[in-house]
1. In the range 317-348, how many are surrounded by fewer than 23 Cβ atoms within 10 Å (Cβ to Cβ), assigned to a strand (DSSP E or B) and modelled with pLDDT under 90?
2. List the residue pairs whose Cβ atoms are under 7 Å apart, where the first residue sits in the range 22-38 and is closer than 15 Å to residue 212 by Cα, the second is surrounded by fewer than 17 Cβ atoms within 10 Å (Cβ to Cβ), and the two are 6 or more positions apart or on different chains.
3. Mind checking which residues of the range 120-143 are farther than 12 Å from residue 155 by Cβ and assigned to a loop (DSSP other than H, G, I, E, B)?
4. Is it the case that residue 231 is among the β-branched types (Val, Ile, Thr), buried (at least 19 other Cβ atoms within 10 Å of the Cβ) and under 17 Å from residue 314 (Cα atoms)?
5. I'd like the residue in the range 615-626 that is surrounded by 15 or more Cβ atoms within 10 Å (Cβ to Cβ) and not aliphatic (A, V, I, L, M) and, out of all such residues, is modelled with the lowest pLDDT.
6. Across the range 515-535, what is the total count of residues that are at pLDDT 95 or above and over 24 Å from the mean Cα position of the chain (by Cα)?
7. Residues to consider are 219, 174; find the one that is among the acidic types (Asp, Glu), surrounded by fewer than 23 Cβ atoms within 10 Å (Cβ to Cβ) and not assigned by TED's automatic domain parsing to the domain that holds residue 93.
Amino acid sequence: MGVDVGGTFTDAALITGGRLITAKVPTTPADQSEGVIAAVTAVLSRAGLRPADVTRFAHGMTVGTNALLEGTGARTSLIATEGFGDVLELRRQDRAHLYRLDAHHSPPLVPHARTHEVTERCGPHGVITPLDPASLERAVAAVRADGSEAVAVGLLFAFAHPQHEAAVAAALREALPGVHVSASSEVLPEIREYERISTTVVDAYLTPVLRSYLGRLGERAAAAGLPSPAIMQSSGGVLPIADSAEHAAWTVLSGPAGGVIGAARLAAREDRRLALTFDMGGTSCDVALVTDGEPARTSRTVIAGHPLHLPVLDVATVSAGGGSIAWADSGGALRVGPQSAGARPGPAAYGLGGTEPTVTDADVVLGRLPLREPLGGAIRLDADAARAAVGGLARRLGLGVEECAEGILTVAVQEMVRALRLVSVERGEDAREATLIAFGGAGPLHACAVADELGVRTVLAPPAAGVLAALGLVMAGERRDYVQTVLAPVDAGAGLAGMLSPLREHAAHDLPGAPVQAAADCRYAGQSHALTIPWDPAAPEASLAQAFHDAHRERYGDADPGRAVEAVTLRLAAERPGADPELPGGAEGPGVAGPTVIPMEGATCWVGEGWTARVDGVGSIRMERG
C-alpha cells in the first residue's frame, strides 16, 4: 500500500491479488497523518481487507516542503569556524535577479544573531589550529541562551577532516539532549562550504518538524494495526521511518517523488525512450524527464531560495494546480498562483466556503469537469459557485465569464509548459520527441493543451492517473545515497576505486546485498564546476576520463582530451528494487475524437480538439494528435 499526501487530496493505492484498489480523501493540513489514516481506512474498506493484511506501507508527504515554503521550521542556530559565520548572508555574492536591483534573496534560515563561532582550522593535510575548548563552551552556552530547537554545525573543511565537527556535535548533544544537531560531515561531506552549510541548516531547520509528524504518524499506524510506514526520499527510494526522522533534508521532495517513480516504471514497461512526467494536483504541478525508463537525477536543487545539495530526482515545480487562485495584478494582467485555495476552503466549486476563482473553477465553467459524479468520491461540484467566482474576476478584467475561464487555463498552461521546457529543452532533449505522461487529479484534464504548446504528439494518462504518486510509492525500492569529496586526478595511478571503499562499506552495512551504482563528479583541472559521470569502478580510470570528455562535449559543444581531468566527489547509490505489480488488463477501446470528457478513477481526462483518444490494453488513455 502507498499513501501520498497532496495539497487537496490524500491518495491511497493498494495492490492485492492482482487487483489495484484506490481511494481519495481530503487532505488534513493541520495534521497530515489524520488524512493518511483516513485514506488507509477508505482503501482497506473498498478492498474488503483488514490492517493486519497490509505487508508493506509506503508514504510520501509534503511536511518538509511546506515548512520550508511557509517558514514554519524549528528555531535553529549555526556553529561555524571563527571568521566564517557570515557564510549564509554572503551566499555566492550573486544577485537574486540580474536586472532588478530591488529583488532580494530569501533571508537565511538562521539570522546572524543565532550564528556562533568556534576557534579551529584544518588544511589539506589535517589540523592547523586545534579546536579551542573555551570557544566551544561559549558556543554551547550561546545556543542554550538562544532557546534553539535545532543546531547546524558547519565547520570550514569538515568534509575532509570531520574530527572537530564531531567534537562540537558531541558536546552539543551531551549538554542539550533535547536539541537536534545536524553536522555537515554527517549530512553532506562534500566540497563547497556555502552549499554544504546551507544544506545542513535546512536539515536542522526541518528535522524537529518532520520528527514530530512522523512520530504522530507512527503512533496512529501502530494503533490502527498497520506496519511501520517507509518514507519516500527525494532521491526516489524509501527508508524506514526511524532513519527518515533523523535527516529531514532527505525528504524535501518526498511528495513529487512517488509520481515520478510511477511514471518512470510505466515508461519502462512500454519501452519509451523519452518521456515527460506531468503531475498536476490541487496546489502545484511537478514535472520531470525520464530517459530509457530512468528518471533524471541531480545532486543540487534550490527550494524556497535555499540551496540543497543532496541526491534528488530532477523535478521542476510550479504553482499551477487545480486550486491555484486567479487574480489581476496592478497592471490589469491576468495571473494564476502562487496562492492556492488548498484543501480548505478549496475552489469555489467545492462548496466549502471558497470564493476566489481557481483553475478548477475555470474547468467547471467550461464544462470540462463532470458534475454528476462526486470529485474524489466526496465533493459534489457547484457550477453556480464556480461561475460566480470566475465572473467576479471577469468583471474586473472586462471579460466575459467563459473568456475569463479560457484565459485562466491559458495562463496556467504557460506556467506548466515553462517547467517542462526547463527539464527537457534546457537539458538538451527535444520535447517534441517525448511522450507526455499525465497524472494527478488535474493532469489528464490539461495534458492536451500542454502538449499542443510543446509540440508533443502523444499523451498517456495511466489507468491510475489520479493516484499514480501513491502507486509509485508501492513500486519504489529502498535506496540510500552516499557522497565523499576526494579531489583526486583521474589517471591510472589515482586509485579512485580504493577511495570508493568507505562508501561501499556504508552501503553494505545499511543495505546488505543491495546492488550499487557509482558516479563521479569530474572537471578539467582548474575548472570551478563539475559534471556527474556514471562510473564502473572495475573499469580502467581512463574510461572515466573519456566519458567525461564526451559528456563535456555534449553539454558545452567542446572538449579538451589532452587536458587533465580531476574527480571532485565520488557518489554511490545502493537500491533494493521495489514491487513490480501486474496491473489488470482489458480490451482496447474504440477511438474517440475530441473535444470530449472521459471520466477516470480519481481524475478526469479532457480530449482536446484535434486529438483522438483510445483506451489501451492496460487501461491507459492514449491520446494522439491528428
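The values are calculated or read from the model by the stated rules, or taken from the named source; none is laboratory data. All values derive from a computational prediction rather than experimental measurement. Cβ placement follows ideal geometry from the backbone for every residue including glycine, while neighbour counts extend to all protein chains displayed.
1. 4
2. Qualifying pairs under 7 Å: 29/344; 31/216; 33/216.
3. 124, 125, 130, 132
4. no
5. So, considering only residues that are surrounded by 15 or more Cβ atoms within 10 Å (Cβ to Cβ) and not aliphatic (A, V, I, L, M), the one modelled with the lowest pLDDT is 619.
6. Residues flagged as at pLDDT 95 or above and over 24 Å from the mean Cα position of the chain (by Cα) within the range 515-535 amount to 3.
7. After applying the criteria, what remains is 219.
Yes/no per residue for (1) outside any loop (DSSP other than H, G, I, E, B); (2) free of Cβ contacts under 8 Å to residues at least 60 places away in the same chain; (3) over 12 Å from the mean Cα position of the chain (by Cα); (4) under 24 Å from residue 619 (Cβ atoms):
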site: 243; (1), (2), (3), (4): yes, yes, yes, no
site: 246; (1), (2), (3), (4): no, yes, yes, no
site: 249; (1), (2), (3), (4): yes, no, no, no
site: 256; (1), (2), (3), (4): yes, no, no, yes
site: 259; (1), (2), (3), (4): yes, no, no, yes
site: 266; (1), (2), (3), (4): yes, no, yes, yes
site: 272; (1), (2), (3), (4): no, no, yes, yes
site: 279; (1), (2), (3), (4): yes, no, no, yes
site: 283; (1), (2), (3), (4): no, no, yes, no
